[in-house]
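Asks: I am attaching a structure below and will ask some questions about it afterwards.
The values are calculated or read from the model by the stated rules, or taken from the named source; none is laboratory data. What you see is a predicted model; the values in this text were computed from it and never measured. Here Cβ is always computed from backbone atoms with ideal geometry, including for glycine, and neighbour counts include all displayed protein chains. The protein model used for the area step is the full one, side chains on, heavy atoms only, and it has no ligands, DNA or RNA in it. Shrake-Rupley method; radii C 1.70, N 1.55, O 1.52, S 1.80 Å.
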Amino acid sequence: MAYEKIKDEICDVCHKMWQLGWVAANDGNVSVKLPDGTLMVTPTGISKSFITPEKLVHIDRDGKILEAEEGYRPSSEIKMHLRCYKEREDVGAALHAHPPTATGFAVAHVPLDRYDMIETVATLGSIPITPYGTPSTQEVPDAIAPYLAEHDAVLLENHGALTVGATLIDAYYRMETVELFAKINLTAYMLGGPKEISRENIDKLIELRKYYGITGRHPGYKHYASDK
Ligand SMILES: [Zn+2]
């Protein structure tokens, strides 16, 4: 099977997720859209610390296995991943993890929706909490779908976080941003509460998306015409 570079990149991201403490045991999953539209995904039931290229599973857009080593099946959250690609043609990768501080917000039902930190205002805008869904069921994709139109990062109620990107690195960086933003906000809450940026300055930050060539969606910014 080809796609060695993509498989190495998925493994690299999985190892980073584990090292950062975003996943315990077999938590978390990663998928990447290949040039022919099929997907390379992480298998179910394996720690992200032990993922190696040959353990990855190649599936079609309905979740059917095209190629996998014996005993390896796609992630149990594959329906959530499939829905990301179905909803958004511009999505090339999706990543799900339980970064502890961001997940703390999801567990406390506190959305990360303050426009209080410059980087996040420009890159993600608000990070909402999508309604509760039982893992591996159709409830999860149905819960996230309406949010994908305007968001590249969401919290999953009482569960974790999901990010999407044009590339795997985009999706991975967005998860880093979500977790760091959550940590900064938690600190701000302890110091008397975050203070939002003025509307005028928020608009200027969002306009920077064009300057930096940021892809994807943002709740306060009309996406580029090329992003379908
Ligand atoms: Zn999960």
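Asks: Evaluate the charge dipole of the chain about its Cα centre and quote only its size in Debye, nearest 20, assuming +1 on the Cβ of each Lys and Arg and -1 on the Cβ of each Asp and Glu.
Replies: 300
Asks: Kindly report the accessible area of the chain per residue (heavy atoms of protein chains, probe 1.4 Å, no ligands, DNA or RNA), in Å².
Replies: Counting only protein heavy atoms, the per-residue value for the chain is 47 Å².
Asks: Ok, one more. Just add up the charged neighbours of Val178: K/R +1, D/E -1, any other residue whose Cβ is under 14 Å from the Cβ of Val178.
Replies: -3
Asks: Shifting gears a bit: Quick check: at a probe of 1.4 Å, how many percent of the accessible area of the chain sits on carbon and sulfur atoms?
Replies: Whole-percent figure for carbon plus sulfur exposure: 55.
Asks: Then there's this: Rounded to the nearest 10 Å², what accessible area does Thr167 show when all protein chains are kept and the probe is 1.4 Å?
Replies: Taking all protein chains as shown, Thr167 has close to 70 Å².
Asks: Turning to a different aspect of this structure: Determine ³J(HN,Hα), in whole Hz, for all residues of region 73-85 in sequence, where each value follows from phi through the Karplus function 6.51 cos²θ - 1.76 cosθ + 1.60 and θ = phi - 60°; x replaces Gly and Pro.
Replies: 10, x, 3, 5, 9, 4, 4, 5, 5, 4, 5, 4, 6
Asks: Compute the distance from the alpha-carbon center of region 65-140 to that of region 149-179, in whole Å.
Replies: 6
Asks: Can you tell me, using C-alpha contacts under 8 Å and at least 6 residues apart, the relative contact order of region 57-108 as a whole percent?
Replies: 22
Asks: How high is the relative contact order of the chain, in percent, counting Cα pairs under 8 Å that sit 6 or more residues apart?
Replies: RCO, the chain: 19 percent.
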